[in-house]
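The values are calculated or read from the model by the stated rules, or taken from the named source; none is laboratory data. Bear in mind the structure is a predicted one, so any value in this text is a computation, not a measurement. Positions of Cβ are generated from backbone atoms using ideal geometry, with glycine treated the same way; all protein chains shown enter the neighbour counts. Side chains are part of the model used for accessible areas, which takes the heavy atoms of the whole protein and leaves out ligands, DNA and RNA. Shrake-Rupley method; radii C 1.70, N 1.55, O 1.52, S 1.80 Å.
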Amino acid sequence: MMIKSVSVSPFDDQKPGTSGLRKSVVVFQQPHYLECFVQAIFNSVPGLAGNTLVLGGDGRYHNAEAIQTILRMAAAHGIKKVLVGQYGLLSTPAASAVIRKYQAAGGIILSASHNPGGPDGDFGIKFNSANGGPAVESLTEAMYANSQQLTEYQIIESEPVDINEQGPSQLGEMQIEVIDPVSDYSELMASLFDFDAIRQMFRKGFRIRFDAMHAITGPYAREILERELGAEAGSVINAVPKTDFGGGHPDPNLAHAKELVTEMYSAHAPDMGAASDGDGDRNMILGQHFFVTPSDSLAVLAANATLVPGYASGLAGVARSMPTSQAVDQVAKELGIACYETPTGWKFFGNLMDGGHITLCGEESFGTGSDHVREKDGLWAVLFWLNILAVEGDSIKQIVQQHWSRFGRNYYTRHDYEAVDAERASELMLRLEGKLEYLIGTAPNGLHITAADNFAYTDPVDGSISHKQGLRILFADGARIIYRLSGTGTQGATLRIYVEVYEQAASKQEQDTQQALAPYIQLALELAQVPTYTAMNKPTVIT
Ligand code: G16
């Protein structure tokens, strides 16, 4: 096996964001760009050589080429064995499950998640550690530092490896095992949920529509929902993964999962609607004519967890990212369990799970998960809901309304201003941050502000501190306004404004969300002078 060292000049833009290194495809197609970041990973993660690595992606454009490059670099790095998903496919939660099951030293997942794909779309690469979870900040910082100093990378020369057939092969001294991307994951799901009860519900005529958005979950959802659980054929739509996601935006929300939303609000709506994103870790849950906010979904799962076999013994604790609504906090209070508030990014949940502090966690960005893996998990959330529905026999809308009458309702929305001039967006944040201390104790537009800060988080397990995780304005009645710049966009900056109001009175829980939040949304725009800085008079996406 001939190892070739290729001399390079380092790229200065390889700083991982909220979830790995995410850039447009054309950036990744620059000669040596992918190779440099992969070498930075190999140089930064101790103990990969001589061990097993998991490799797969969401099948987007450039996935196939990148897999071949990484295999040849893994062989040069002395990796003992690579478990690679057939056709180069592995959903993010399945990759996490495979890393854990086979005790791999880590995994490389190729995905830009919910960002569009294709030659003009985005590509991404992330490293997950031996616990199956996204690399923690200190490791991504080390990768970035390494990428800035890089002078060479190592690769072997070889013909492309056939990854279309399952089974073992060899690349130089490295073993390759092409694995079924679905079977380990579906086995894990069967161990958590009452598949018999769900099967029975489908036999009695329960109907689901699952929109795989031409992304990775198609094969998983067909196997589990249709074949194993007996949902009627055709329940999974847009089920064939495509390199450009059929030209769509594989983000499961009201704006992008149009076909599904239209059906769920039609006269013949199925009992449940659901969708997942590019790499299968996000989920959206819909009932007939009813949308479940991700924050409410987490709270409902937590409140009903003991109905599900895998969680029958109760929850150790729960966690949510800071901008996620406080609905789950109400549940934790009643259950008498801890509730942690972390910065945005799934990587912050890993330590809490490894330390046994939490069982369930979630984020407003359509992510929900548990300690069964170390990633958020779209199909898992759908199965969790199906299990609850099979036991309760109520509709999704009834379950959520009952939840609100018991715990109160957290009205919640997120307004995104996408592709804003990056400098102007930073100015907005800086200026607003400077104002925060003067807002405390004031009541603009009659709304009493009790606290305001730039959120910082101290990890209770390793003591690491993450600063500047979003500007918070907290009100006397429990309402919150939060401002953040996205860490996953690839064009300009995306400003996210999150607004939440708590309503305990059952008589006031049936308002339109945007109307219920209107005074706070108005104040959010005024305080940060959003139209002036973004040059937009309305958000690009509202969820
Ligand atoms: C990633 C992270 C999530 C985060 C989301 C949004 O999701 O894994 O933890 O909530 O980005 O991040 P931002 O608000 O910075 O854009 P995914 O599904 O894109 O990997």
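Table for the structure above
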quantity	calculated
Number of the condition not met by LEU90 [criteria: (1) within 16 Å of the ligand (Cβ to nearest atom); (2) more than 22 Å from the chain's Cα centre (by Cα)]	(2)
Answer residue from the stretch 372-388, given it is open to solvent by 10 Å² or more (accessible area, probe 1.4 Å) and within 14 Å of the ligand (Cβ to nearest atom) and is nearest to VAL331 (Cα to Cα) among those	LYS376
Residue count for the stretch 125-158, restricted to those that are open to solvent by less than 10 Å² (accessible area, probe 1.4 Å) and either of a type in the set (Lys, Arg) or touching a Leu at 6+ places or on another chain (Cβ under 6 Å) (or both)	1
Close pairs from the stretch 513-539: first among the acidic types (Asp, Glu), partner open to solvent by less than 70 Å² (accessible area, probe 1.4 Å), Cβ under 8 Å, at least 6 apart	GLU526/PRO444
Residue in the stretch 281-288 that is within 18 Å of the chain's Cα centre (by Cα), farther than 30 Å from GLY85 by Cβ and more than 16 Å from the ligand (Cβ to nearest atom) present	no
Residues within the stretch 299-315 that are in contact with a helix residue (DSSP H, G or I) (Cβ under 9 Å, 6 or more places away or on another chain) and open to solvent by 10 Å² or more (accessible area, probe 1.4 Å), tallied	9
Residue in the stretch 97-154 that is farthest from GLY78 (Cα to Cα), counting only those that are within 16 Å of the ligand (Cβ to nearest atom) and among the hydroxyl-bearing types (Ser, Thr, Tyr)	SER113
Residue in the stretch 321-343 that is within 16 Å of the ligand (Cβ to nearest atom), part of a helix (DSSP H, G or I), in contact (Cβ under 8 Å) with a residue 12 or more places away in the chain and assigned by TED's automatic domain parsing to the domain that holds MET201 present	yes
Residue satisfying all of: in the stretch 465-479; more than 16 Å from the ligand (Cβ to nearest atom) and in a strand (DSSP E or B); most open to solvent (accessible area, probe 1.4 Å) among these	ILE465
The stretch 89-116 residues that are assigned by TED's automatic domain parsing to the domain that holds VAL38 and free of Cβ contacts under 8 Å to residues at least 60 places away in the same chain, paired with ones that are away from the ligand (no atom under 15 Å from the Cβ) and assigned to a helix (DSSP H, G or I) (beta carbon under 6 Å, 6 or more apart)	GLY107/ILE99; LEU110/ASN63; LEU110/ALA66
Residues of the stretch 438-453 classified as open to solvent by 40 Å² or more (accessible area, probe 1.4 Å) and either assigned by TED's automatic domain parsing to the domain that holds MET353 or assigned to a strand (DSSP E or B) (or both), total	2
Matching residues in the stretch 38-56 - criterion: being open to solvent by 10 Å² or more (accessible area, probe 1.4 Å) and either outside the structural domain of SER91 (by TED's automatic domain parsing) or among the hydrophobic types (A, V, I, L, M, F, W, C) (or both)	VAL45, ALA49
When residues of the stretch 22-37 are limited to those that are open to solvent by less than 10 Å² (accessible area, probe 1.4 Å) and not hydroxyl-bearing (Ser, Thr, Tyr), the one farthest from THR69 (Cα to Cα)	VAL25
Sole residue being open to solvent by 10 Å² or more (accessible area, probe 1.4 Å) and either more than 15 Å from the ligand (Cβ to nearest atom) or small (Gly, Ala, Ser) (or both), chosen from GLY369, GLY355	GLY355
Residue count for the stretch 185-211, restricted to those that are under 16 Å from ARG222 (Cα atoms), open to solvent by 20 Å² or more (accessible area, probe 1.4 Å) and charged (D, E, K, R)	4
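Table: residues versus (1) open to solvent by 60 Å² or more (accessible area, probe 1.4 Å); (2) touching a residue at least 40 places away in the same chain (Cβ under 8 Å); (3) part of a helix (DSSP H, G or I).
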{"residue": "VAL391", "(1), (2), (3)": "yes, yes, yes"}
{"residue": "ASP394", "(1), (2), (3)": "no, no, no"}
{"residue": "LYS397", "(1), (2), (3)": "yes, yes, yes"}
{"residue": "HIS403", "(1), (2), (3)": "no, yes, yes"}
{"residue": "TYR411", "(1), (2), (3)": "no, yes, no"}
{"residue": "GLU418", "(1), (2), (3)": "yes, yes, no"}
{"residue": "ALA425", "(1), (2), (3)": "no, yes, yes"}
{"residue": "LEU430", "(1), (2), (3)": "yes, no, yes"}
{"residue": "GLY434", "(1), (2), (3)": "no, no, yes"}
